[in-house]
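Right, one structure below, let's go through it.
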Amino acid sequence: MPGAPVSTTPGSEATANTDPAGTVRLTFSDETPALDFRQLISQLPAGWVPEFLLEYLPGNDLSLSNPQQTESFFTDEANSNKQWITIKIAKLNRYQLDAFNPQHEAGTNTTVSGKPAWRRALDDGVEMLSFGPIDNYSIRVVSKGVDSKAIDEIATQIRLVNGDLVMSVSDALAPLRYRVTLKGGSLSLGNSAAEDRFGADAAVGYKRAVDSSKPELFINAVEVHGPDPLALIRFGGRRMAESGTVHGLAASVSELSGSGTMLTWVEGGRLIEIYGSFTLEELRPMAESVRTATDDEWAAPRAMQANR
């Protein structure tokens, strides 16, 4: 069986995240400088105002993400829902390390590379393997349509190099392709496009100032690495209605369940989503107006959130 191919889809502005030795980097502890996730829609419809702000702040229990967490996504050649793997890694503090035990009564206790591990079958043919710690990292491999023996071999290819976890691309990974790693965010795939969720490093919700009790327009951003971040949006062929551009960059246009539209693109190492109860023609100029907020601009929604 040939080695697993590594996708090299161009044009995403995301880091390729592979090296000539055939490894995929899974964590990014030494990355500098930090990205700015303060994205605002500067061309709002008349009468719309910010309603909420969620952002990562150290010690903030309401954070959308954990900067010490990553999730890497691998799918088959067709990017279908038949075969896929996600590898979720979290860096544990000393208190979490003391309490960490991946083995449970439910499921099957085993070992991976000499580390305690736990395997459990979930719904719809999905399987989960948790193990560790490797250094201070816990690892969870969630898969569908991949043999358990192949998952075990893939898990044994994860190792520590210069303070970060990397994974060798082995025959066991074929025919899956590496697509993207989310840093700080997390991935939860539902049974339909509307149930998919992506963690974010910052998000802002907007609503009509009059006659509206809830936000209906959203923007969020999360750090991404890898050759094909928009594969997350196209996954299973469920979300992508057509292709487009935002700021001259490739974008996916998605029709939301019920009514509404989402535009997603990668810019400056961030996966940015803007979505709401608008047509594509209405949403496109808003997406084109998205930019990084100044300190003063970000202070207003932050103060509004603090006073809620």
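The values are calculated or read from the model by the stated rules, or taken from the named source; none is laboratory data. Values in this document were obtained by computation on a predicted structure and should not be read as measured data. FYI the Cβ positions are ideal-geometry reconstructions off the backbone, even for glycines, and counts take in every protein chain you see.
What residue, among those in the range 1-59 that are hydroxyl-bearing (Ser, Thr, Tyr) and outside any loop (DSSP other than H, G, I, E, B), is modelled with the highest pLDDT?
By that ranking, first place goes to Thr23.
Can you name every residue in the range 90-121 that is aliphatic (A, V, I, L, M) and either part of a strand (DSSP E or B) or touching a residue at least 12 places away in the same chain (Cβ under 8 Å) (or both)?
If the condition is that a residue be aliphatic (A, V, I, L, M) and either part of a strand (DSSP E or B) or touching a residue at least 12 places away in the same chain (Cβ under 8 Å) (or both), then Ala90, Leu92, Leu97, Ala106, Val112, Ala117, Ala121 are the ones that fit.
With the condition being closer than 15 Å to Ile233 by Cβ, without any contact (Cβ under 8 Å) to a residue 24 or more places away in the chain and of a type in the set (Val, Ile, Thr), I'd like the strands (runs of 3 or more DSSP E) fully within the range 260-308 carrying at least 1 qualifying residues.
The qualifying strands (runs of 3 or more DSSP E) are 261-267.
Looking only at the range 122-141, which residues are surrounded by fewer than 20 Cβ atoms within 10 Å (Cβ to Cβ) and assigned to a strand (DSSP E or B)?
Residues satisfying the conditions are Val126, Glu127, Met128, Pro133, Ile134, Arg140.
Suppose we filter Ile233, Ile219 for residues that are among the β-branched types (Val, Ile, Thr) and not in a strand (DSSP E or B); which single one remains?
From the options Ile233, Ile219, the qualifying one is Ile233.
Out of the range 158-179, which residues are touching a Leu at 6+ places or on another chain (Cβ under 8 Å) and buried (at least 17 other Cβ atoms within 10 Å of the Cβ)?
Correct list: Ile158, Asp164, Leu165, Val166, Met167, Arg179.
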